[in-house]
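The values are calculated or read from the model by the stated rules, or taken from the named source; none is laboratory data. Since we're looking at a predicted model, the values are computed, not measured. Quick reminder, even Gly has a Cβ in these numbers, built from the backbone with ideal geometry, and neighbours come from all protein chains shown. The accessibility values were calculated without ligands, DNA or RNA, using every heavy atom of the protein model including side chains. Shrake-Rupley method; radii C 1.70, N 1.55, O 1.52, S 1.80 Å.
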Amino acid sequence: MARIFSGIQPTGIAHLGNYLGAVQNWVKLQDSNECVFCLVDLHAITVAQNPVLLRDQTRLNAAILIACGIDPDKHILFHQSAVHAHARLAWIFNCVARFGWLSRMTQFKDKAGKDREAVSTGLFVYPNLMAADIHAYHATQVPVGDDQRQHLELANDIAEKFNHDFGVEFFPRIEPLILPETARVMSLRDGAKKMSKSDTSDQSRINLTDDVDTIALKIRRAKTDPEPLPETAEGLAGRAEAANLVGIYAAMTGQKTAAVLAEFAGSGFGPFKEKLVEALIAHLAPINARAQELLAEPAHLDQILQAGARRAAAIANPIVDEAERLVGFLARG
Ligand code: TYM
């Protein structure tokens, strides 16, 4: 049984990209692994957050994860700030990772843009905290979307350097688990951009709490091209928006792309989009309904996360204590 770790930022509302790229895999992996899932609020504050909203959205995203099928009784679900081991190990990793390594992180370059003077130093060392999240549990498998691949490579580099510097095989190698078909769900407005919470247009994404009418409207307005759906997957080459919608439909109905195209070849996007709306609603409406029920009891959600944090700390604290001992710190007593 492998130990799995993964995380999601509790900002905004989890969307279809998070679900298809990561969370649906988290749910499946629960069957035969020991899973630790984290709402990464320490990561969230690397960019400015409204404190009231951050608290509400941490609960909201916890409710969404449980509604998607994360089982907080059998596995661990918690908020990162409640387990201090993350910040303790992240500091050590700040001192292990090299400035040059972090300078090459494409997500930092994208997020920081040209005005690097103005971004927080937390944003720069963000991947060190991510490495700490995983290694604090000696997790070996990390289910994520494609955009996290480079961060996980860095997490391996950091572990390797730590092990080398201190002459021990302490942190194991980690393996990314990336679902090939849904590794990168794209924006509904622009097939060149990934679906993202930070996109200013809410029309670009399906939030997992969107109601039926909103889902229908967003899909009807989703960008497409004037050509009918092709007969084969090769016919989707160079048609990013069409490929994205076909990919979403395939994922929602549990089919291969070829089967979807066999059904819709030659059809225009109008009828296809109606079927896509139906599939999305069939899948997402129960998730939304369950999330709303959970949100009606915020104190209960807080208890679930706090109990998860206690169990997470019981795993992470001894590992981080040992990392601190290896570094040369006196015991805390
Ligand atoms: P975050 O919150 O941006 O996204 C959560 C998960 O959703 C995946 N994802 C996508 N997959 C496919 N298509 C998309 N458009 C899409 N958008 C997001 C992400 O790849 C991710 O798996 N840094 C991480 C959170 C994190 C973490 C960790 C993950 C913190 N510590 C340790 C793994 C291990 C993040 O910001 O994910």
Hey, among the residues in the range 285-333 that are over 19 Å from Phe37 (Cβ atoms) and among the basic types (Lys, Arg), which one's nearest to the chain's Cα centre (by Cα)?
Arg325
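Yes/no per residue for (1) touching a residue at least 60 places away in the same chain (Cβ under 8 Å); (2) at positive phi; (3) in a helix (DSSP H, G or I); (4) of a type in the set (A, V, I, L, M):
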site	(1), (2), (3), (4)
Ser32	no, no, no, no
Phe37	no, no, no, no
Leu54	no, no, yes, yes
Asn61	no, no, yes, no
Leu65	no, no, yes, yes
Got a number for residues in the range 224-279 being touching a residue at least 24 places away in the same chain (Cβ under 8 Å), charged (D, E, K, R) and assigned to a helix (DSSP H, G or I)?
3
Across the range 196-225, the tally of residues that are polar (S, T, N, Q) and farther than 14 Å from Met186 by Cβ stands at 5
If the requirement is being open to solvent by 10 Å² or more (accessible area, probe 1.4 Å), over 17 Å from the mean Cα position of the chain (by Cα) and not assigned by TED's automatic domain parsing to the domain that holds Leu280, which of these qualifies: Ala67, Ala118, Ala85?
Ala118
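Residue-by-condition table, conditions (1) open to solvent by less than 10 Å² (accessible area, probe 1.4 Å); (2) modelled with pLDDT of 95 or more; (3) assigned to a loop (DSSP other than H, G, I, E, B):
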| position | (1), (2), (3) |
| --- | --- |
| Ala139 | yes, yes, yes |
| Val142 | yes, yes, no |
| Leu154 | yes, yes, no |
| Lys161 | no, yes, no |
| His164 | no, yes, no |
| Arg173 | no, yes, yes |
| Glu181 | no, no, yes |
| Arg189 | no, yes, yes |
Of the residues in the range 1-17, those that are more than 9 Å from the ligand (Cβ to nearest atom) and either assigned to a strand (DSSP E or B) or open to solvent by 40 Å² or more (accessible area, probe 1.4 Å) (or both) come to Met1, Arg3, Ile4, Ile13
Can you find a residue that is part of a helix (DSSP H, G or I), under 13 Å from the mean Cα position of the chain (by Cα), β-branched (Val, Ile, Thr) and within 13 Å of the ligand (Cβ to nearest atom) anywhere in the range 18-26?
yes
Quick one: would you say Ser201 is within 13 Å of the ligand (Cβ to nearest atom) and either in contact with a helix residue (DSSP H, G or I) (Cβ under 9 Å, 6 or more places away or on another chain) or not acidic (Asp, Glu) (or both)?
no
Subset tally (residues that are within 18 Å of Lys161 (Cα to Cα) and either outside the structural domain of Glu153 (by TED's automatic domain parsing) or outside any loop (DSSP other than H, G, I, E, B) (or both)) for the range 88-115
14
Check on Leu77, within 18 Å of Pro298 (Cα to Cα) and surrounded by 20 or more Cβ atoms within 10 Å (Cβ to Cβ):
yes
Please verify whether Gly266 is within 17 Å of Leu284 (Cα to Cα) and either touching a Leu at 6+ places or on another chain (Cβ under 7 Å) or not hydrophobic (A, V, I, L, M, F, W, C) (or both), treating the condition exactly as stated.
no
Of all residues in the range 40-61, which are of a type in the set (D, E, K, R), more than 18 Å from Asn207 (Cβ to Cβ) and open to solvent by less than 70 Å² (accessible area, probe 1.4 Å)?
Asp41
Condition first: within 14 Å of Tyr137 (Cβ to Cβ) and not in a loop (DSSP other than H, G, I, E, B). Now tell me which residues in the range 67-87 satisfy that.
Ile76, Leu77, Phe78, Gln80, Ala85, His86
Tell me, please, whether a residue that is under 30 Å from Asp165 (Cβ atoms) and either surrounded by fewer than 16 Cβ atoms within 10 Å (Cβ to Cβ) or not assigned by TED's automatic domain parsing to the domain that holds Ala87 (or both) can be found in the range 256-269.
no
